[in-house]
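The values are calculated or read from the model by the stated rules, or taken from the named source; none is laboratory data. Predicted model, so just to flag it, every value in this text is computed and none were measured. We place every Cβ from the backbone using ideal geometry, glycine too, and count neighbours over all the protein chains shown.
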């Protein structure tokens with residue numbers, strides 16, 4: 001068990017990690033909503049003015065584009081969370097190591 | 001070799017493969033039985049999740065459905081893939097970190113409430129039974145259509161197969177058979193579509209072919225479809241919100257309800273319990289959607305090609321000019337032609353319903369239809385003096401147009417592919433149905449043996465006892481599912497809407513709140529679930545069975561789960577300030593779920 005002040009620092013690090021996690025997820029979910037519900041449904045009629053490789057754009061988003069974007073979003077999430085997890089583990093190690101240099105830690 | 005001989009070869013060899021895989025993966029403890037020993041690699045779990053998720057409906061019916069409603073078909077494409085984003089970002093990693101066996105486990109432990117566990121348990125059972133009955137039916141239909149075996153016999157064969165490999169290997173056996181089933185179903189779907197794309201547009205990639213020009217006329221395929229649809233009295237293929245019943249509100253709500261419902265389906269969620277750690281859960285979310293997207297990006301192309309092919313090869317043709325596949329499938333009643341006397345087939349949409357001559361038998365009995373056909377022949381022979389014009393009868397019975405499943409079933413024949421590819425479709429349809437059925441049966445078994453018996457009734461039950469009960473529960477569930485498949489209640493199609501609505505309005509909100517709010521206690525969570533279920537359930541029951549008008553913004557029953565989810569969240573948030581919050585232990589549980597693992 002770590003001493004109380006280290007426990008508190010670790011808990012604070014945990015909260016920081018969680019906040020970063022939530023912000024990251026919310027950003028990705030905004031993209032999810034903007035593409036799936038936005039481009040695919042809400043603005044589909046307006047986007048049909050433009051065309052992409054023989055598709056009306058709104059129709060393409062509804063039947064192709066949104067699915068492609070969904071796959072990419074989960075890929076970015078898995079990659080990004082691996083980075084956030086690594087940052088968090090480093091922070092934790094630093095807190096514990098810093099504590100290890102104090103004489104009490106050896107008890 | 002004939003198509004039927006090939007079909008026997010494919011079906012029997014894939015069945016042998018599934019049994020062999022299950023035998024290799026047999027298990028001896030509950031850990032292996034429920035979560036495959038948590039040793040499934042992320043990519044294999046992705047494939048298994050894809051097979052688990054893609055049901056007989058995705059494989060056989062979805063392309064046909066898109067083909068008939070055009071743009072609005074995107075609702076199913078976006079809904080059933082978009083849900084995986086929610087699942088991968090909001091639920092999968094946290095539930096994996098929590099690390100028990102089932103969804104009711106998390107609900108019960110997080111909210112420290114037996115009532116919450118019980119409500120979740122009942123929902124899981126209801127959703128799974130609804131779904132599995134449709135899968136067994138799908139197995140029977142594939143047998144009946146391709147091997148000319150009776151539907152009942154087909155279902156019994158399917159039951160026996162699932163029974164053996166699910167009881168033997170539990171989750172582990174199911175996982176590895178699902179991996180095999182994924183490859184069978186994806187190749188069966190994609191190969192014919194590539195062939196059709198090359199024939200029609202010259203592009204080997206169907207997703208590009210769909211936006212290309214037709215080789216025969218030089219006109220763009222989608223533009224041709226828009227023009228043909230308009231000319232024949234259908235809504236335009238690509239224009240949004242034109243098909244009847246699919247205005248903007250309905251498209252939005254249905255897409256959202258399917259997305260949220262997908263994220264709340266227990267048989268998909270439990271797949272994420274089978275991987276090694278949290279990071280593997282995130283990656284298997286990616287692989288799952290990647291493998292699903294291979295089919296879901298191909299289905300709309302298949303829909304567009306089949307739409308063109310059906311109109312082009314049937315409309316305006318005489319009996320001699322009709323293609324061979326018309327003959328094959330008209331014998332099964334999936335497509336029938338009642339002529340108006342000019343000897344030319346006319347396929348027309350809702351706006352020219354009185355001129356349409358193409359129908360399906362649907363739910364009519366064979367004798368009823370024979371009667372309609374005989375009366376129609378009299379009507380034709382007498383020049384309208386005697387008999388009855390059968391077309392009016394079929395139109396008012398909502399049986400205009402061919403059965404939607406026919407598009408996928410007849411795809412290889414449309415492209416004039418070799419007999420063995422046609423047989424591959426049968427094996428693919430069976431793989432899709434069986435993989436989904438086995439995943440659902442496992443949820444049923446673990447709900448009964450783990451959540452109900454072990455966690456609620458007899459916590460002192462021994463490991464061996466629990467394993468035996470799990471196997472028995474799967475056996476009983478297979479039999480019930482088979483019986484419901486053989487004697488389907490007339491409402492199977494609507495019941496699936498019910499399953500999604502329920503998952504959207506109960507599981508999704510309660511799981512998200514459980515992870516993302518430290519404070520929420522049992523009372524707001526349970527009240528939210530009950531309110532969501534009550535709202536969604538009463539709306540679907542009312543509008544589908546009791547003729548209540550669609551009083552909530554005219555939303556169709558499939559889409560009401562989106563509103564039900566909001567009701568659930570709303571009630572939970574409203575009650576939160578007035579109710580007891582989560583205990584210290586529950587808050588510690590939330591903290592541990594949020595904390596990434598040590599390396």
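Summary of computed values
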| item | result |
| --- | --- |
| Residue satisfying all of: in the stretch B:47-62; assigned to a helix (DSSP H, G or I) and within 14 Å of chain A (Cβ to nearest Cβ); farthest from residue B:274 (Cα to Cα) among these | B:62 |
| Verdict on residue B:439 being under 26 Å from residue B:132 (Cβ atoms) and not assigned by TED's automatic domain parsing to the domain that holds residue B:291 | no |
| Test: residue B:571 is touching a helix residue (DSSP H, G or I) at 6+ places or on another chain (Cβ under 6 Å), surrounded by fewer than 23 Cβ atoms within 10 Å (Cβ to Cβ), modelled with pLDDT of 90 or more and more than 25 Å from residue B:85 (Cβ to Cβ) | yes |
| Those residues of the stretch B:102-129 which are surrounded by fewer than 21 Cβ atoms within 10 Å (Cβ to Cβ) and within 19 Å of the chain's Cα centre (by Cα), in sequence order | B:125, B:126, B:129 |
| Single residue of A:72, A:96, A:23 found to be closer than 19 Å to residue B:85 by Cα and either more than 10 Å from every other protein chain (Cβ to nearest Cβ) or not in a helix (DSSP H, G or I) (or both) | A:23 |
| Residue ID - farthest from the chain's Cα centre (by Cα), chosen from residues in the stretch A:33-54 that are within 7 Å of chain B (Cβ to nearest Cβ) and surrounded by 22 or more Cβ atoms within 10 Å (Cβ to Cβ) | A:44 |
| Qualifying residue in the stretch B:536-548 (condition: touching a helix residue (DSSP H, G or I) at 6+ places or on another chain (Cβ under 6 Å), free of Cβ contacts under 8 Å to residues at least 60 places away in the same chain and loosely packed, with under 14 Cβ neighbours inside 10 Å) | yes |
| Residue in the stretch B:260-269 that is over 23 Å from residue A:33 (Cα atoms), part of a helix (DSSP H, G or I), more than 10 Å from chain A (Cβ to nearest Cβ) and out of contact with any strand residue (DSSP E or B) (no Cβ under 6 Å at 6 or more places or on another chain) present | yes |
| Tally of residues being part of a helix (DSSP H, G or I) and touching a residue at least 60 places away in the same chain (Cβ under 8 Å) across the stretch B:314-329 | 4 |
| Those residues of the stretch B:202-221 which are farther than 16 Å from residue B:297 by Cα and touching a residue at least 40 places away in the same chain (Cβ under 8 Å), in sequence order | B:214, B:221 |
| Residue under evaluation residue B:223, criteria (1) in a helix (DSSP H, G or I); (2) over 27 Å from the mean Cα position of the chain (by Cα); (3) more than 30 Å from residue B:147 (Cβ to Cβ); (4) away from chain A (no Cβ under 14 Å), criterion not met | (4) |
| Selection count where residues are buried (at least 22 other Cβ atoms within 10 Å of the Cβ) and within 14 Å of another protein chain (Cβ to nearest Cβ), scope the stretch B:194-212 | 7 |
| Among the candidates A:83, A:71, residue that is out of contact with any helix residue (DSSP H, G or I) (no Cβ under 9 Å at 6 or more places or on another chain) and free of Cβ contacts under 8 Å to residues at least 12 places away in the same chain | A:83 |
| Residue identified as part of a helix (DSSP H, G or I) and surrounded by 18 or more Cβ atoms within 10 Å (Cβ to Cβ) among B:590, B:530 | B:590 |
| Residue among B:469, B:513 that is outside any loop (DSSP other than H, G, I, E, B), outside the structural domain of residue B:15 (by TED's automatic domain parsing), in contact with a helix residue (DSSP H, G or I) (Cβ under 9 Å, 6 or more places away or on another chain) and surrounded by 19 or more Cβ atoms within 10 Å (Cβ to Cβ) | B:513 |
| Condition met for residue A:11 (surrounded by fewer than 16 Cβ atoms within 10 Å (Cβ to Cβ), modelled with pLDDT under 90, within 9 Å of another protein chain (Cβ to nearest Cβ) and part of a helix (DSSP H, G or I)) | yes |
| In the stretch B:168-192, the residues that are within 20 Å of residue B:440 (Cα to Cα), more than 20 Å from the chain's Cα centre (by Cα) and surrounded by fewer than 24 Cβ atoms within 10 Å (Cβ to Cβ) | B:168, B:176 |
| Boolean, residue B:65 is under 26 Å from residue B:349 (Cα atoms), at pLDDT 90 or above, part of a helix (DSSP H, G or I) and under 23 Å from the mean Cα position of the chain (by Cα) | no |
| All positions within the stretch A:55-69 that are more than 7 Å from every other protein chain (Cβ to nearest Cβ) and buried (at least 18 other Cβ atoms within 10 Å of the Cβ) | A:57, A:60, A:61, A:65, A:69 |
| Which listed residue, of B:289, B:294, is surrounded by fewer than 19 Cβ atoms within 10 Å (Cβ to Cβ) and within 14 Å of another protein chain (Cβ to nearest Cβ) | B:294 |
| Residue satisfying all of: in the stretch B:81-101; more than 12 Å from every other protein chain (Cβ to nearest Cβ) and surrounded by 20 or more Cβ atoms within 10 Å (Cβ to Cβ); nearest to residue B:527 (Cα to Cα) among these | B:95 |
| Residue check, residue B:243 surrounded by fewer than 24 Cβ atoms within 10 Å (Cβ to Cβ), within 14 Å of chain A (Cβ to nearest Cβ) and outside any helix (DSSP H, G or I) | yes |
